[in-house]
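Shown next, in structure tokens, is the structure this report addresses.
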Amino acid sequence: MPDSTLDVITRKVHAGERLSHDEGVALFRHPDLLAVGQLANLVRERLHGDRTYFNRNLRVEVTNVCAGSCLFCSFSRREDADPGAFTLTLDEAWRQLEVRMSDPPSEVHVVNGLHPRLPFSYYEELLRGFKRIKPDLHLKCFTAVEIHFFARQFGMTYEQVLTRLRDAGLGSLPGGGAEIFHPDVRSRISGDKATADEYLEVHRVAHRLGLFTNATMLYGHIETFEHRVDHLLRLRALQDESSSAPASLQAFIPLAFHPAGDGMKHLPAPTGVDDLRTLAVSRLLLDNVSHIKAYWVSMTPKIAQVGLRFGADDLDGTIVHETIYGAAGSTSPSALREEQLVRLIREAGRTPVERDTLYNVVRQHPPEALPEAAFPVRDRKADKHLVPG
Amino acid sequence: VSALVDRALAESGLLPIAEARRRGELARVEDLAAVLETADILAVGALADRVRAEEVGDLVGVLVGVEHEPGPDVVSVSVADVSTSGLAMLRRVAVARITGPRAARVRVDGAEVGPLMAEVALGFGASEISWATVEGSLDSKHLESIPVRLGGRAVRVFHPGSEEHATDA
């Protein structure tokens, strides 16, 4: 990319002007990762200063039995009887929250396979049961792909599905299932689930109903930079539409492809450089989405921490207990303690802010109170010699 | 790009140390090095990357299962004591480049920092990644795509006994 192109982009970023498709592609191709990172950091600090968000959340997957056949997925099983298949009873699902009630999460995040035989009442009762255990819990449940599946499976409109789930306690939608919107890619990696238009329509309807949502992008497999930019700009257009709705996209989460054990295992995994560049370009293109998450499960805690200097302002949460990336071979831990998240953020020179799902501040941690005692220390004399807790 | 980097260096107070490094005044660099511990990490990384480009060029060395004597031009960066912090790792690599000998082979241990961080370190002043064993090292598909991701840098892989694989940008 000629320097003049970066000069133009730099001027537009400083002026708060919107970047084009070609400029997005140019940023993905630009050889100087740190220059791209600096621009993204400028926007990140303009929006959020040093504040970096996380929450205390519990991840529950109630079934991995799935009618879909996404090439990249190592989590799903076709039939209940397949090795490794599971479907929790409602009591088993609720138990996952009950055992955490001594240190309760503020959010339960539910993502599942598209089970062909569970009744809709199972999902409604799942939400009601979580609410009975902890009435102020925020339920961020069911991707747009699941909502589309429910609508088709149970003969309802998106609005009907979302309204019934909201009545049962649903608070917002997670962003999974977006993968890559462009049909050249989507038809090859996940051709039998919701299309891009259907995914976006679910979010559009959710926003009209006052349900906030997140969005994702699975990157680093067969897609091109042009496909990534196309994906980001479709989300930006959706967010423009939702600006007059009672709710909108809250956060964008780039998800790194993990190839182990799935139908695309011949592909190399995306690298740390790709992770950071994707965070940065996302921050620069999605000028109307408030938050960019460095999802530590997907990109490891270390890269996620570095990502806090490349445009990201959110590390997601404590997660306990994610299995989808684990099935795909992720070497990230399945949970981080709150103090570990706080440390990651502080070591990045940022101010940790515990939030709820809707980005209301629960607690702003003082920048000087590093909870060092919470970590095993190998050599305290050297001040920073810590080992993972 | 240079203008952007220059602006970042100026805003972070790094221009004096950058100038000292360019003039080869390593004692002066050492005197000014304290600023590297607190300056913006992206600016420190940009300076380290500039020093690497000017003094070493674009060749990335990947040593797999190779025992290399630590010669005077090799700076092996140990990050074991900051292993919980990706940013601390990168700052240490960048400081090693900026304060190290001219045209040093700044090396990170891939097994120690992990493959994702190892590649990122190449953008913060490192010029070599070493792997004690082949197991767990970067695979060939990954290696071949490094030049693309790093903006046209060439990768040369060293296996025991010979230079076995090279990919040019």
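The values are calculated or read from the model by the stated rules, or taken from the named source; none is laboratory data. Everything quoted here is computed from the prediction, not taken from an experiment. Cβ coordinates were reconstructed from backbone atoms using ideal geometry, including for glycine residues, and neighbour counts include every protein chain displayed.
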Requested in this report: Inspect all residues belonging to the range A:165-177 and state whether any of them is among the hydrophobic types (A, V, I, L, M, F, W, C), in contact with a helix residue (DSSP H, G or I) (Cβ under 7 Å, 6 or more places away or on another chain) and within 21 Å of A:PHE75 (Cβ to Cβ).
Outcome: yes
Query raised in the report: Among helices (runs of 4 or more DSSP H) lying entirely in the range A:1-110, which contain 1 or more residues that are out of contact with any strand residue (DSSP E or B) (no Cβ under 9 Å at 6 or more places or on another chain) and within 14 Å of chain B (Cβ to nearest Cβ)?
Result: A:3-15, A:21-29, A:33-48
Query raised in the report: Among (1) within 14 Å of another protein chain (Cβ to nearest Cβ); (2) modelled with pLDDT of 80 or more, where does A:HIS385 come up short?
Result: (2)
Query raised in the report: When you look at B:VAL79, is it within 14 Å of chain A (Cβ to nearest Cβ) and among the β-branched types (Val, Ile, Thr), yes or no?
Result: yes
Report summary line: Scanning the range A:33-62 for residues that are without any contact (Cβ under 8 Å) to a residue 60 or more places away in the chain and more than 26 Å from A:GLN340 (Cβ to Cβ) gives A:LEU34, A:ALA35, A:GLN38, A:LEU42, A:ARG46
Report task. Report yes if A:THR63 is closer than 20 Å to A:ALA151 by Cβ and at pLDDT 95 or above, otherwise no. Result -> yes
**Report entry** Single residue of the range A:352-361 satisfying the filter (in contact with a Ser or Thr (Cβ under 7 Å, 6 or more places away or on another chain) and either assigned to a strand (DSSP E or B) or within 18 Å of A:ASN41 (Cβ to Cβ) (or both)) that is nearest to the other protein chains (Cβ to nearest Cβ)
**Finding:** A:PRO352
Query raised in the report: Looking only at helices (runs of 4 or more DSSP H) that fall completely inside the range A:256-351, which ones have 1 or more residues that are at pLDDT 90 or above and either of a type outside the set (Ser, Thr, Tyr) or surrounded by fewer than 24 Cβ atoms within 10 Å (Cβ to Cβ) (or both)?
Result: A:272-285, A:301-307, A:338-347
**Report entry** B:LEU63, sole failed condition from (1) assigned to a helix (DSSP H, G or I); (2) at pLDDT below 95; (3) away from every other protein chain (no Cβ under 14 Å)
**Finding:** (1)
**Report entry** Residues within the range B:98-133 that are within 13 Å of chain A (Cβ to nearest Cβ) and outside any loop (DSSP other than H, G, I, E, B), tallied
**Finding:** 13
Query raised in the report: Could we say that A:LEU249 is farther than 27 Å from A:MET299 by Cα and under 17 Å from the mean Cα position of the chain (by Cα) here?
Result: no
**Report entry** Hits in the range A:163-190 - residues which are part of a loop (DSSP other than H, G, I, E, B) and either within 30 Å of A:ARG132 (Cβ to Cβ) or touching a residue at least 60 places away in the same chain (Cβ under 8 Å) (or both)
**Finding:** A:GLY169, A:PRO174, A:GLY175, A:GLY176, A:GLY177, A:GLU179, A:SER190
Report task. Filter the range B:21-45 for residues that are among the basic types (Lys, Arg) and either within 14 Å of B:ARG97 (Cβ to Cβ) or within 14 Å of another protein chain (Cβ to nearest Cβ) (or both) and give the result. Result -> B:ARG21, B:ARG22
Report summary line: Given the conditions (1) closer than 25 Å to A:LEU71 by Cα; (2) within 10 Å of chain B (Cβ to nearest Cβ); (3) in contact (Cβ under 8 Å) with a residue 24 or more places away in the chain, every one holds for A:HIS266 apart from (3)
